[in-house]
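The values are calculated or read from the model by the stated rules, or taken from the named source; none is laboratory data. If you're wondering where the values come from, they're calculated on a predicted model, not measured in any experiment. Cβ placement follows ideal geometry from the backbone for every residue including glycine, while neighbour counts extend to all protein chains displayed.
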Ligand SMILES: [Zn+2]
């Protein structure tokens, strides 16, 4: 897996050379948090069909040293990083900071768009840390870069977290969804559906996308009612922080929910 990193790097968004080091999560996010969190956790779940009659789910938990902002990757060029990605980052930063700290603010439609584009960008960048579970196709990256909107088939929510286990945690489930085991090989073993859960401080972000599943099958209603769906955007203005809070058990349920959604 490390061999792939040594090839001349092309930007995962624009395809240009000149890839530079970039933070997987924005480095300022870690600094917004109290100093207690010097470690973050990354969960990766891969789903495979090694043969047409076999279905394998491989969970992997990785504890990383340092705050969330310390993780770096080399998948994005300097032009994208300091251009549209930096603009989006700066636009989203005040709202994200308020969510991490559980402070009051409002989320009108335009801010829903900014937050959802930031969420899609962060999801795409984070997903590339585990190529085996990568499920977002290149065309989704291009839609985001060109329009500064997530693709239409994405669904993105923000929520308010209060608990112990998830203060700095990233969970990614990348899986291959097929209507039957016999149909699975036609996808070439490449995941086509993903769910990403990010928690930093009190901020919870959840993003799902699939090239085969209907987008509105992504979330169980009992969880959806506790979250603010920012993509697709609505006319609502969400007052933050919301009354509903998700604790450790609910965030675990949320992060695993995609697996039950996939079994139709
Ligand atoms: Zn680029």
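What's the number of the only condition in (1) within 16 Å of the ligand (Cβ to nearest atom); (2) closer than 21 Å to residue 136 by Cα; (3) modelled with pLDDT under 70 that residue 8 fails to meet? Evaluating residue 8 over (1) within 16 Å of the ligand (Cβ to nearest atom); (2) closer than 21 Å to residue 136 by Cα; (3) modelled with pLDDT under 70 leaves (2) as the failure. Among the candidates 230, 243, 237, the residue that is free of Cβ contacts under 8 Å to residues at least 24 places away in the same chain and within 21 Å of residue 111 (Cβ to Cβ) is uniquely 243. Would you be able to tell me the number of residues in the stretch 142-154 that are surrounded by fewer than 22 Cβ atoms within 10 Å (Cβ to Cβ) and in contact (Cβ under 8 Å) with a residue 24 or more places away in the chain? Of the residues in the stretch 142-154, 7 are surrounded by fewer than 22 Cβ atoms within 10 Å (Cβ to Cβ) and in contact (Cβ under 8 Å) with a residue 24 or more places away in the chain.
Name the pairs: first residue in the stretch 102-119 and under 22 Å from residue 245 (Cβ atoms), second residue surrounded by fewer than 13 Cβ atoms within 10 Å (Cβ to Cβ), Cβ to Cβ under 6 Å, at least 6 apart or on different chains? Every condition considered, the pairs that remain are 106/237; 106/239. With respect to (1) in contact with a strand residue (DSSP E or B) (Cβ under 8 Å, 6 or more places away or on another chain); (2) buried (at least 20 other Cβ atoms within 10 Å of the Cβ); (3) modelled with pLDDT of 70 or more, the lone exception for residue 60 is condition (2). Taking the criterion of being in a loop (DSSP other than H, G, I, E, B) and either over 19 Å from residue 219 (Cα atoms) or under 18 Å from the mean Cα position of the chain (by Cα) (or both), the residues of the stretch 178-196 that qualify are 180, 181, 182, 183, 188, 189, 190, 191, 192.
Condition check ((1) under 21 Å from residue 22 (Cα atoms); (2) not in a helix (DSSP H, G or I)) across all residues:
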{"site": "99", "(1), (2)": "no, no"}
{"site": "113", "(1), (2)": "no, no"}
{"site": "117", "(1), (2)": "yes, no"}
{"site": "125", "(1), (2)": "yes, no"}
{"site": "129", "(1), (2)": "yes, yes"}
{"site": "132", "(1), (2)": "yes, no"}
{"site": "140", "(1), (2)": "yes, no"}
{"site": "145", "(1), (2)": "yes, no"}
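Total residues in the stretch 73-94 satisfying the condition of being in contact with a strand residue (DSSP E or B) (Cβ under 6 Å, 6 or more places away or on another chain), surrounded by 19 or more Cβ atoms within 10 Å (Cβ to Cβ) and assigned to a helix (DSSP H, G or I): the figure is 1. Exactly one residue out of 125, 190, 87, 177 is free of Cβ contacts under 8 Å to residues at least 12 places away in the same chain and over 25 Å from residue 241 (Cβ atoms): that is 87.
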